[in-house]
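Okay, handing you the structure first.
All of the numbers you see were taken from the coordinates with simple rules; none came from a lab. On a predicted model such as this, the values are computed, not experimentally measured, just so you know.
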Amino acid sequence: MADDESKVEPVQEENPPCETKTPTQQELIEQKDRKLAELTDTVKRLQAEFDNHKKRTEREWSERAKMATKVLMTELLPVLDSFDKAIEDAKKNQNAASMRRGLEGVYRQLVQILQKEGLRQIKADGVFDPFMHEALMREEREGAEDGRILEVFQKGYSLNGESIRTSKVKVAKKKEIMETPQEEPERNHDNHINQVTDEKNDSEER
């Protein structure tokens, strides 16, 4: 029995514990280099995509601007035709009234097209507004409100609510009331009379 016990061999473990391997400094450097290369590649790819998007956007805006210009020019061609007709009529007919009616018709036609695109004339029949008007002259005028627009030298316009050219105007300035030369001697004469009267009263009281 003792011999049988002495023959028992120790049981070996099936899964021996794994030893944790610490990466060397060279391996750490290689890992960092790989991550840096991956990040650099990602940045380059994003930069290329951004450049392509920017070029595509600029190209699209350029095409839109060309198309908008084409549409506007097409709408203005009838106005050009009307000017040609008005010039031909003026050569044949020297009637000033007829020429004026033709020019007024062309003007209305042009204004309608420009208004369709958002152009509006800035009103200049009220009080001066520094955001909409530019005062080229100031004039003293009796009975006129200070800051009231008296005359328009050049019309101003806005496009889609934004001022693109201010109105050039003349603005009223409140007239200052100045004493006439005749009033000053009269006032001095009155002051002299009052002074003499006061002195006379003082002497009588004494």
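What number, in nm² with one decimal, is the all-direction average of the projected area of the convex hull of the alpha-carbon atoms of the stretch 63-116?
So the Cα hull casts an average projection of 3.8 nm².
On a full-extension model of 0.36 nm per residue, what is the gain between THR57 and THR24, subtracting their alpha-carbon distance, rounded to one decimal in nm?
6.9 nm
Hey, what D do you get for the stretch 119-178 in µm²/s if you plug the Kirkwood alpha-carbon radius into Stokes-Einstein at 20 °C and 1.002 mPa s?
182
A further question on this structure: Along the principal axes of its C-alpha atoms, what lengths does the stretch 75-176 span, in descending order and rounded to whole Å?
56, 34, 16
Can you give the relative contact order of the stretch 119-178 as a percent, counting alpha carbon pairs under 8 Å and 6+ residues apart?
Relative CO of the stretch 119-178 lands at 44 percent.
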